[in-house]
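**Student:** Sharing a structure below in structure tokens format, with a few things to ask.
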Amino acid sequence: VVDDRGKLVGILSNRDVLRALGQADIESVRIGDVMSKRLITCTEDTTAAEAAELMLEHKIGALPVLGDDGHLVGLVTESDFVRIAHDLLSDEPA
């Protein structure tokens with residue numbers, strides 16, 4: 001989730017959604033109220049190994065990638081690492 005200036009302010013995980021489902025009036029729940037605001041991020045210069053280590057250490061499935069100006073430029077996910085593992089383990093890239 002980014003603000004009107006493109007600055008990262010939160011991330012909505014499946015755990016956040018499940019927690020929100022427990023609220024009485026789910027239809028009126030706002031993303032800003034249930035998103036995770038304690039963010040673990042990396043930069044474009046972070047190596048894949050470092051990104052994987054951060055994800056394992058913090059038990060997260062997605063890692064926002066920030067540019068030099070602090071704006072969101074991408075997202076590394078568990079699926080990205082599964083694709084890498086697949087490519088390394090098979091003869092044909094995914």
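The values are calculated or read from the model by the stated rules, or taken from the named source; none is laboratory data. Because the structure is predicted, anything quoted here is derived from the model rather than measured. Cβ atoms come from the backbone with ideal geometry, glycine included; neighbour counts cover every protein chain shown. Each accessible area value is taken on the protein alone, full model and side chains, heavy atoms only, with ligands, DNA and RNA left out. Shrake-Rupley method; radii C 1.70, N 1.55, O 1.52, S 1.80 Å.
**Student:** Ignoring ligands, DNA and RNA, please state the percent of accessible area on the chain from carbon and sulfur, probe 1.4 Å.
**Tutor:** Numbers: 3750 of 6860 Å².
Result for the chain: 55 percent of the exposed heavy-atom area is carbon or sulfur.
**Student:** Specify which residue in the list LEU39, HIS71, GLY22 is farthest towards the positive end of the charge dipole of the chain, using unit charges on the beta carbon of Lys, Arg (+1) and Asp, Glu (-1), about the Cα centre.
**Tutor:** GLY22
**Student:** While we're on this one: Keeping all protein chains in place, calculate the accessible area per residue for the stretch 24-94 (probe 1.4 angstrom), answer in Å².
**Tutor:** Values: 5180 Å² over 71 residues.
It amounts to 73 Å² per residue over the stretch 24-94.
**Student:** What dipole magnitude, in Debye to the nearest 20, does the stretch 1-73 give about its Cα centre under +1 on Lys/Arg Cβ and -1 on Asp/Glu Cβ?
**Tutor:** Values: 8 positive and 13 negative charges, 69 e Å.
The dipole of the stretch 1-73 has a size of about 340 debye.
**Student:** Can you check what the net charge comes to around VAL73, using other residues whose Cβ is under 15 Å from the Cβ of VAL73 (Lys, Arg +1; Asp, Glu -1)? Walk me through the numbers before you get to the answer.
**Tutor:** On the way: positive: ARG5, LYS7; negative: GLU44, ASP45, ASP68, ASP69, ASP80.
Net charge in that neighbourhood comes out at -3.
**Student:** If I require 20 Å or longer along the helix axis, counting alpha carbons, and a Kyte-Doolittle average no lower than 0.5, what helices from the chain are left? Use full DSSP H segments.
**Tutor:** Working: long enough: none.
Correct list, ordered by number: empty.
**Student:** How large is the Kirkwood hydrodynamic radius of the stretch 3-94, in angstrom, based on all distinct alpha carbon pairs? Kindly include the intermediate steps, with their values, before the conclusion.
**Tutor:** Working: mean 1/r = 0.0667 Å⁻¹.
Evaluated on the stretch 3-94, it is 15.0 Å.
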